[in-house]
Amino acid sequence: MEGWNNGIVDKGSGFIHSSIHPFIQKANKNNRVVSCAILLLSCLILTHCANESVPTGGKKDEKPPEAKKISPPNKSLHFTSTQIKITFNEFLKDGGFAQTLISPPLNKRPEFHVEGRTLTIKLKSPLRDSTTYTINFADDVKDLNEGNVASNFTYVFSTGDFIDSQKVSGSVVLAKDNTNQEGIVVSLYPKDSVDGILRSKPFYFAKTDKAGQFKIENIKAGKYLVYALKDQNYNYIYDQPNELIAFSDSILDLTDSVNDEVKLFLFDENKKKAQLDAVKSLSPGQLQISYNRPISNFKLDWKGFSKEDFAYIYPTNDTIIYWYSKYYIQKDSFFLSANDTILDTVRLELKFVKKDSLFTRNNILSGAANQPNRSKEDTAKRVDFLFQEFNKAVKINLTRPCININETKRLHLFEDSSTNYSELKFTVDEKTKQSIAVDFQKKENTKYSIEIPDSTVQDIFGKWNSKLVYKFITNAKNSYGNLHITLKTQHPENYYVIKLLDASNTTVQEFFFTGNGERKVSAENILAGSYKFVVIEDTNKNGVWDTGEFKNKKQPEKIFTYKESYQLKGGWDLDAEVKF
């Protein structure tokens, strides 16, 4: 409150006394006029000192701004103004209006100015005669406090006798799983603008809602190309490697009075150039090498390479796990090659263990029963299963890859608390070398223990395991059922892949189908639970789903998903029918 240097603050009472207005000090306390003057002056002082701000507090505002006054009115005819004012019911955020487009396009972009609740648009170009214009604000109209968006807000006017009345609606789904896509730009271009979405902004557009639905109105009668774009840089052009695209195979004819809804399938065409994404040291002797897209081949070289080293690639073909035996190296350079052309050199700080150490890091068998005092490195990982599937092999994971087996050793199988045991053979996973499988005839609802004797498996570092006792219990025979499936198609000329998925969307079984219109198959001895189907129209017959190609106008392969799920009970047979 600068300028009120003579003011005295009574900290006890909170009142402000002023010595610069003597007529107030001399006034009679009982004089109501003076009292009113004091009250009025106090209000003026407080008003002068306060900063003007938008009121806050109360329930959070989740409603978008609403237009209350528009001049000239929306959908005006014979429009001649060069300025448009739209007043909303709350204060607006001025974000530059970069996403706002006017169609048909103007030679010069309009100016947008926000002042409080009012948005002013100044047109800088002459308008065509007898033309309907649409200003689509996309997500640019937001309230000041919460940023709530008036999505797809539009202002329409015509310089002629009527407003264009053609419209189109439809939906956008993600091609690989048929899920609805929100916030996708659906664009219309004149039919003669070939691949206009690669170079220019759309004539008409709208964004999809939460249900993946869109609607574009006030379109001039004509024929149009239809696209959908997940626009990552908000320029309405398909120009980024991480953008998703969709297109309609047919020309949209808006000269007819009736039009079918348009359904667009959004896809990532993997047009990104393959390149190294990251190299990480996960643990002593273990690297993870990832690329930004699938690769066809891979090579690695470095001075620490030895014959025990090996690598495997994930099913996605974009990530490699490399195991090396010289776990004591602290830092080195790696020379990588992918697809015979992508060359990279990476120098890394490596996780390591000193060569002369006991190497007891990650001693994961400390909780196992009947463990002797260890002087050797533990390799097998103890996993506690609540239940072991009755009809599947027992799988025991390893901390590090197994490169050698003592052929004289056998695993010991104990049933319940019996001290008698039978001997078992086992196999090592050929790809990862990080698990062993043990298969034998099991009884239902029975406890078992498998003992892996000392020095049975040797890891990549040359360390043999200490003895491990691994315990589990089988489930019951009636935990399983049989699903009998009737497959029906109206397109016997096509090739299909039918996937049976469990409740966690894991593929339980696959069937391949072509030819006549009906076929019966079965999924037998599967766990009781919920199951559903996904069908792929496999046009190139490679057994997997393939994405589309925009340049070659190739749509992604169709996927049919079904809302219906089947509840299979243990000990039961269940019939299911899948039509596609």
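The values are calculated or read from the model by the stated rules, or taken from the named source; none is laboratory data. Predicted model only: the values in this text are computed from it and were never measured. Cβ atoms come from the backbone with ideal geometry, glycine included; neighbour counts cover every protein chain shown.
In table form, for the structure just shown:
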{"read-out": "Scan of the stretch 305-343 for residues that are under 16 Å from residue 280 (Cα atoms), over 29 Å from the mean Cα position of the chain (by Cα) and surrounded by fewer than 13 Cβ atoms within 10 Å (Cβ to Cβ), ordered by number", "value": "330, 331, 333"}
{"read-out": "Those residues of the stretch 525-542 which are part of a strand (DSSP E or B) and in contact (Cβ under 8 Å) with a residue 40 or more places away in the chain, in sequence order", "value": "525, 526, 527, 531, 533, 535, 536, 537"}
{"read-out": "Output for the stretch 424-460, where each listed residue is under 13 Å from residue 398 (Cα atoms) and surrounded by 16 or more Cβ atoms within 10 Å (Cβ to Cβ)", "value": "428, 429, 433, 434, 435, 436, 452, 456, 457, 458, 459, 460"}
{"read-out": "So residue 120, is it within 20 Å of residue 205 (Cβ to Cβ), β-branched (Val, Ile, Thr) and part of a strand (DSSP E or B)", "value": "no"}
{"read-out": "Filter result for the condition that a residue is closer than 30 Å to residue 213 by Cβ, more than 18 Å from the chain's Cα centre (by Cα) and either at pLDDT 95 or above or not assigned by TED's automatic domain parsing to the domain that holds residue 190 (or both), over 244, 254, 300, 264", "value": "264"}
{"read-out": "Count of residues meeting criterion [crowded, with 18+ Cβ neighbours inside 10 Å and part of a loop (DSSP other than H, G, I, E, B)] in the stretch 270-292", "value": "2"}
{"read-out": "Residue 548 vs. criteria in the same structural domain as residue 511 (by TED's automatic domain parsing) and at positive phi", "value": "no"}
{"read-out": "Test: residue 152 is crowded, with 18+ Cβ neighbours inside 10 Å, of a type in the set (S, T, N, Q), assigned to a loop (DSSP other than H, G, I, E, B) and at pLDDT below 95", "value": "yes"}
{"read-out": "Count of the stretch 326-349 residues which are in contact (Cβ under 8 Å) with a residue 60 or more places away in the chain and more than 15 Å from residue 288 (Cα to Cα)", "value": "2"}
{"read-out": "Selection count, the stretch 71-82, where residues are closer than 17 Å to residue 131 by Cα and either in contact with a helix residue (DSSP H, G or I) (Cβ under 9 Å, 6 or more places away or on another chain) or not in a loop (DSSP other than H, G, I, E, B) (or both)", "value": "1"}
{"read-out": "Strands (runs of 3 or more DSSP E) contained in the stretch 416-524 and holding at least 1 residues aromatic (Phe, Trp, Tyr)", "value": "421-424, 447-452, 468-473, 480-488, 496-501, 507-513"}
{"read-out": "Residue that is surrounded by 19 or more Cβ atoms within 10 Å (Cβ to Cβ) and modelled with pLDDT under 95, where the choices are 467, 477", "value": "467"}
